[in-house]
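The values are calculated or read from the model by the stated rules, or taken from the named source; none is laboratory data. None of the values given here were measured: they were computed from a predicted structure. Here the Cβ positions follow ideal geometry from the backbone for every residue, glycine too, while neighbour counts run over all protein chains shown. For the accessible areas, the whole protein counts, side chains as well, though only heavy atoms, and no ligand, DNA or RNA atoms are used. Shrake-Rupley method; radii C 1.70, N 1.55, O 1.52, S 1.80 Å.
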Amino acid sequence: MMKGTVREQKRRRIDRAPVQQGATGGTTHASRRTKAAAREQKPPRRAYDVAAVERRWSEEWERSGAYRADLEHAPRPYYNLMMFPYPSAEGLHVGNMYSYVGSDIHGRWQAMNGYDVFEPIGFDAFGLHSENFAIKRGGHPRPMTAANIANFRSQLRRIGNRFDWSHEISTTDPAYYRWTQWIFVQLFKAGLVERKTGSVNWCPNDKTVLADEQVIAGRCERCEALVERRELAQWYFKITKYADRLLENLERLDWSERVKVTQRHWIGRSTGAEFGMAVEGHEDVAIRVFTTRPDTIYGVTFAVVAPEHPAVAAITAAERREAVEAYGADSRATRPVPGDERPISGVFTGAFAIHPLTGERLPIWVADYVLMEYGTGVIMAVPAHDERDFAFARAYGLPIRPVVAPDGGSEANPSGSAYTGVGTLIDSGAYTGMASESAKEAIIDELEARGTGSRAVTYHLRDWAISRQRYWGPPIPIIWCPQHDAVPVPEEQLPVLLPDVENYQPDGSGVSPLGRVQEFVNTTCPICGGPARRETDVSDNFLDSAWYFLRYPSHDDDREPWNPGMTRKWLPAKMYIGGAEHSVLHLLYVRFITMALHDLGYLDFEEPFPRFRANGTIVKDGAKISKSKGNYIVPDHYIERYGADVFRMYLVFMAPYEAGGDFRDSGLEGIRRFMDRTWQVVASRATGAPRSEPKGEARRAMHAAIQTVTDDVAGLKYNTAVAALMKYLNALEQRQEHVTRVELRTFLLLLAPFAPFMTEELWHRIGAAGSVHAQRWPQADESALRAETVTIVVQVNGRLRDRIIVPADTPEAEVTRRALEAPNAVRFIAGRAPRQVVYVPGRLVNVVLDG
């Protein structure tokens, strides 16, 4: 893609030459060069002093406040937001930088289009990551987190982003978490917070409760430990009350589709039927079932109940009680969680349910693949049409009865496995022969007519468990009073400060380490003044990050969490960029918190981010990046060796931004050469370039570059935008002695969002006024994009005989006349009258002759 000069081409041919053994046992030039490169540890020789240039402009931008937004007076506010990092000990990795650089390119482009861009940054510094690192190192999370933040801040200052550091926030600052606690109090007063005992996800490694969203395939999303189930009293946010709105609003959000699909799946709205089944010999007991497939009800051959279902003790036969109780005890200790792929197991209760339509006796089993917190805790098992039921039936020799056949077939399970699709009902009584969708409605109608069932809606989404039995987090602002139960801490007493304690490590008992700090625990009730105890759990750090974007514009306001006037002016954010891995964590929680605050009258909008783009994932040499694989990429070395501009350019050039790509060290060399060539072309013409406008093909090439780069940057297609810049640099190199000042300025303006340091330096070297980043983005002239002349192919009877060059606006009759007069065409026409002359505008003329 980068042709380069003759010298560059020659050098690259040498670089690519194979290593060969010399006739006398020595090595060729390529071999010697390879060995030298292996020994070389110094930065590559550059056309300019990269470190000096980048240091100078970093200092100048900081001194002048170039990127400090005038939030109060900005006429065209543009809030450009990126997901703030949690400060781990390893430092920012290449995935972070990929996201931040892509976001910054967008922000710089918007600034050059006349917007007042606000691009803040902060640190999501509470939580398990920081605390576990401190435990591992034998230190305390407070000073260690502060040191990690300092390192992150240093790294972020080097990458060339237009951060407004004057609005930096940290979630560990009491001035910040005061308002995190305030949000908890407002939701508590509104009835959106609940304390209840239930089965929760417990990470035995991190020794704390996890929300369902923090469990991936049965493992802790942070440490990958196998998650267990425990019965504990926890605080929950009632996110399920917002399930329908969270789902419906997705339709009007301009978000990456993969994130919307993930949220739809996680919310999991299901429509179907809920009905009761009597239990034989237990007139006072009826178990209720929810199903999305009432059309398969005639295929039910057994029922399965969750081990902790309250009906289990009542219905279990005496001779089965010991086995059922043993199974229940074992399942509580090793209970699968959503997504777990453990082998299916179960135990028969000795009881039978009565089929609601046929009256058939159905054996009732207890099995841990049925979860109490999903649906009703009971399922009607249809093994012919559900994969889990099918596996269970095979394992325990239970009947498999097909009742739905694929359309066009008469056999439901021709492959010998569960058929989970829809089709035509078979062996289903009066409903045999009906299509699945029609049968669903008809069967629900019958259940309703019998008074045993009704239409119902359920959700996969569960309330957000926000309690954490750890130290490093904001204390939950609740006081327990013997007389008044749970009392929120009065707003004027916030924040509830996290005390400095030496023994902060969790003990796995389910009680927070703060419970051991008596001077923290013991307090008085705000209502009656009597002795009381503080809540000792801290809140999930995803609550910290669920509102941080509201705080940035009002970061120094000690009277309110956000200034209403400033919020109305700057929010919601115009663009949000971050990782898709937060689809059902941060990106779901932040939508819920925003909706709740809107409903309580604190915000004028209910969706925080009308536009969100998920950046892709970076791999290293084809492998997923991880510390255990030894391919964890910390960017400091690359920035030190090549400079931030090269690192930025390579990150967005290696693959489509929303797809991600493969980070290979060798790829940086190509970008480094491109940047050096840019310096040579511009610096060499800095004072001698004529001030005249480019003409002819030079003008067309310039405006073609403007058009392509503009369209690609607007669509976050950064890799193709960089490719267009490389193509344009090639064109400038080919006519280097004739390049005009206008072309140099245009090239620097197009390159500026990608390489902020070099372009700023070269902008001043060519004598241009102001900062390159404060200039207006170039506009493509459509008239210039049209070529002044076109080459027309002349064919005789479909064979190429000549070419002519004509002005692009030449009429058809004139083009045809010139084609017929083209010397080589005349020779083949040989005086014969054409039967037909075919003209394809701008491309060819075909002269058709008889014979």
Task: Check: the chain dipole with +1 on Lys, Arg Cβ and -1 on Asp, Glu Cβ, in debye - done: 4900
TODO: Return the subset of LYS207/LYS624; LYS574/LYS717; LYS196/LYS241; LYS238/LYS260; LYS136/LYS238; LYS574/LYS620 for which the Cα-Cα distance in this structure is over 26 Å, preserving the input order.
DONE: LYS207/LYS624; LYS136/LYS238; LYS574/LYS620
Task: Over segment 696-794: Rg over Rh, Cα atoms, Kirkwood Rh - done: 0.99
Task: Dipole magnitude (debye, nearest 20) for segment 361-476, charges at Cβ of Lys, Arg, Asp, Glu - done: 540
Task: For ALA381, residues with placed amide H under 5 Å, excluding near neighbours - done: THR301, PHE302, ALA303, VAL304
TODO: Using the charge dipole of the chain (Lys, Arg: +1 at Cβ; Asp, Glu: -1 at Cβ; taken about the Cα centre), state which of HIS106, VAL584, LEU729 has its Cα farthest towards the positive end.
DONE: LEU729
Task: In degrees, nearest ten, helix 29-39 long axis to first principal axis of the chain (Cα) - done: 40
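Taking 0.36 nm per intervening residue step and subtracting the Cα-Cα distance, what contour gain separates HIS265 from ASP427 on full extension?
Residue separation times 0.36 nm, minus the Cα-Cα distance, leaves 55.1 nm.
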Task: J(HN,Hα) series, segment 261-269, from Karplus relation 6.51 cos²θ - 1.76 cosθ + 1.60, nearest Hz, glycine and proline x - done: 4, 5, 5, 4, 5, 5, 4, x, 6
TODO: Show the residues, 5+ positions off or on another chain, whose built amide H is closer than 5 Å to the amide H of PHE663.
DONE: VAL619, LYS620, ASP621, GLY622
Open item on the list: List residues of segment 364-404, by number, whose backbone nitrogen lies under 11 Å from a label position 7 Å along Cα→C-beta of VAL285.
Closed with: 364-365
Task: Full-extension gain in nm, GLU519 to ASP621, via 0.36 nm per residue minus C-alpha separation - done: 31.4 nm
- [ ] Extending each Cα 7 Å along its Cβ direction at THR420 and ASP407, get the distance between those two points in nm, one decimal.
- [x] 2.0
Task: Segment ALA66-GLU448, extension gain: residue separation times 0.36 nm, minus the distance between their alpha carbons - done: 130.7 nm
Open item on the list: So for segment 54-135, considering every pair of alpha-carbon atoms, how many percent are separated by more than 20 Å?
Closed with: 49
Task: Per-selection Kirkwood Rh - segment 716-851 (Cα, Å, 1 d.p.) - done: 18.7
Task: Relative contact order of the chain, pairs being alpha-carbon contacts under 8 Å that are 6 or more residues apart, as % - done: 14
Task: Of all accessible heavy-atom area on the chain, the percent that carbon and sulfur account for (1.4 Å) - done: 50
Open item on the list: Cβ neighbours within 10 Å, averaged per peptide: list 302-315, 739-752 in order, most packed at the top.
Closed with: 739-752, 302-315
TODO: Would you compute, for the Cα atoms of segment 280-332, the largest minus smallest coordinate along each principal axis and list the three values in descending order, in whole Å?
DONE: 36, 26, 18
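If you take all C-alpha pairs in segment 496-637, what percent of them are over 18 Å apart? Walk me through the numbers on the way to the answer.
On the way: 7214 of 10011 pairs.
When all Cα pairs of segment 496-637 are counted, 72 percent exceed 18 Å.
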TODO: Would you mind listing how long segment 256-304 runs along its three principal axes, going by Cα atoms, in whole Å with the largest first?
DONE: 55, 22, 16
Open item on the list: Roughly how far apart, in whole Å, are the Cα centres of segment 441-487 and segment 663-733?
Closed with: 57
Open item on the list: Taking 30 Å as R0, compute the FRET efficiency from the Cβ-Cβ separation of ASN205 and GLU640 and round it to 0.05.
Closed with: 0.25
Task: Cα→Cβ-extended label distance, 7 Å offset, between ALA787 and TRP165, nm - done: 5.1
Task: nm² value of the averaged projected area, convex hull over the Cα atoms of segment 288-397 - done: 6.7
- [ ] Would you compute, from DSSP H runs of 4+ residues alone, the mean residue ellipticity of the chain at 222 nm, taking -39500 (n - 2.57) per run and dividing by the full residue count, rounded to the nearest 500?
- [x] -11000 deg cm²/dmol
Open item on the list: Taking amide H atoms as placed 1.01 Å from N in the peptide plane, list the residues 5 or more away in sequence, or in a different chain, whose amide H sits under 5 Å from that of ALA532.
Closed with: THR523, THR524, CYS525
TODO: Tell me the label-point distance for the pair GLU814, GLN483, using the 7 Å Cα-to-Cβ offset, in nm and rounded to one decimal.
DONE: 10.1
- [ ] Specify the angular offset, from 0 to 90 degrees and rounded to the nearest 10, of the alpha carbon long axis of helix 718-734 from the longest principal axis of the alpha carbons in the chain.
- [x] 10
Task: Degrees between helix 174-189 axis and first principal axis of the chain (Cα, 0 to 90, nearest 10) - done: 50
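Calculate the translational D of segment 370-490 in whole µm² s⁻¹ from Stokes-Einstein, where the hydrodynamic radius comes from the Kirkwood formula applied to all Cα pairs, the temperature is 37 °C and the viscosity 0.692 mPa s.
175
Considering only protein heavy atoms, what per residue accessible area in square angstrom results for the chain with a 1.4 angstrom probe?
43
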Task: Among GLN779, LEU800, ALA813 - extreme Cα towards positive end, dipole of segment 767-842, charges at beta-carbon - done: LEU800
Task: Distribution of pairwise C-alpha distances over the chain, 10 Å bins, in % - done: 2, 10, 16, 17, 16, 14, 11, 7, 4, 1, 0, 0
